[in-house]
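Just below is one structure, and these are the notes that go with it.
The values are calculated or read from the model by the stated rules, or taken from the named source; none is laboratory data. As the structure is a computational prediction, the values presented were derived from the model and not from experiment. Reconstructed Cβ throughout: ideal geometry from the backbone, glycine too, with neighbour counts over all protein chains shown. Remember, those area values only see protein heavy atoms, side chains included, never the ligands or the DNA or RNA. Shrake-Rupley method; radii C 1.70, N 1.55, O 1.52, S 1.80 Å.
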Amino acid sequence: MQWQLRGDRPIYQQLMERLTEQIVSGQLGAGEKVPPVRELAAEAGVNPNTMQRALADLEREGLMYTNRTSGRYVTEDKMMIQKVREQIASDRIAEFLAGMNQLGFTEQEIVTLLEKRGKEGSGNGNEK
């Protein structure tokens with residue numbers, strides 16, 4: 001797991017985003033046990049209190065829950081995970097479109113570029 005944290009935003013928010021991405025991508029599956037706070041903090045190179053805050057916020061959002069006797073788990077609510085996944089995708093698409101509009105591309109030009117890129121393949125090994 002790669003943690004790339006930047007100084008432009010609060011670290012705990014970046015941790016939340018990364019963990020959320022792991023959940024919606026299936027790296028952390030529905031109902032799966034989450035590694036202990038200290039282990040995650042060491043892996044990310046952050047203070048355990050910062051990681052604890054991120055995990056607690058994910059619990060408040062419903063993406064995780066704690067079983068007092070056995071630790072923290074990813075929610076088993078697959079519909080919720082899908083909803084979060086779609087929201088992230090929608091946000092990323094909006095950011096992409098805003099950036100392309102700033103570059104002066106029209107909607108049709110963007111579609112043409114995407115179609116061309118799709119035919120060429122993305123080159124990152126994730127083509128299906």
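A few points about this structure:
- Under the Karplus curve 6.51 cos²θ - 1.76 cosθ + 1.60, θ = phi - 60°, whole-Hz ³J(HN,Hα) for the range 71-79, x wherever Gly or Pro sits: x, 9, 9, 6, 3, 8, 7, 5, 5
- All-pairs alpha carbon distance profile, the range 1-71, 5 Å steps from 0, percent: 3, 17, 29, 30, 16, 4, 1, 0
- Whole-number D in µm²/s for the range 32-83 (Stokes-Einstein; Kirkwood sum over Cα pairs; 37 °C, 0.692 mPa s): 286
- For mean projected area of the Cα convex hull in nm², calculated from these coordinates, the label among (1) 8.0; (2) 9.8; (3) 6.9: (2)
- Considering only Gly62, Ala41, Ile11, the residue lying farthest towards the positive end of the dipole of the chain is Ala41, judged by Cα position with unit charges set on Cβ.
- Solvent exposure of the chain as accessible area per residue, Å², 1.4 Å probe: 70
- Whole-Å semi-axes of the range 44-117's equivalent ellipsoid (Cα gyration tensor): 38, 16, 9
- Computed from backbone phi, the HN-Hα couplings of the range 106-112 come to 7, 4, 5, 5, 5, 4, 4 Hz, rounded to whole numbers (Karplus: 6.51 cos²θ - 1.76 cosθ + 1.60, θ = phi - 60°; Gly and Pro given as x).
- Approximating the spin labels as points 7 Å out from Cα along Cα→Cβ, the Glu107-to-Lys78 distance works out to 3.4 nm.
- Of the trypsin sites (Lys or Arg not before Pro) in the range 44-94, those whose Cβ has at most 13 other Cβ within 10 Å and which sit in DSSP loop: Arg68
- Whole-number percent relative contact order across the chain, with pairs defined as alpha carbons under 8 Å at least 6 apart: 22
- Only Lys, Arg, Asp and Glu carry charge here, each on its Cβ (+1 for the first two, -1 for the last two); on that basis the chain has a dipole of about 340 debye about its Cα centre.
- Under the simplified labelling scheme, the Arg117-Gln13 pair shows an inter-label distance of 2.5 nm, with each label point 7 Å from Cα along Cα→Cβ.
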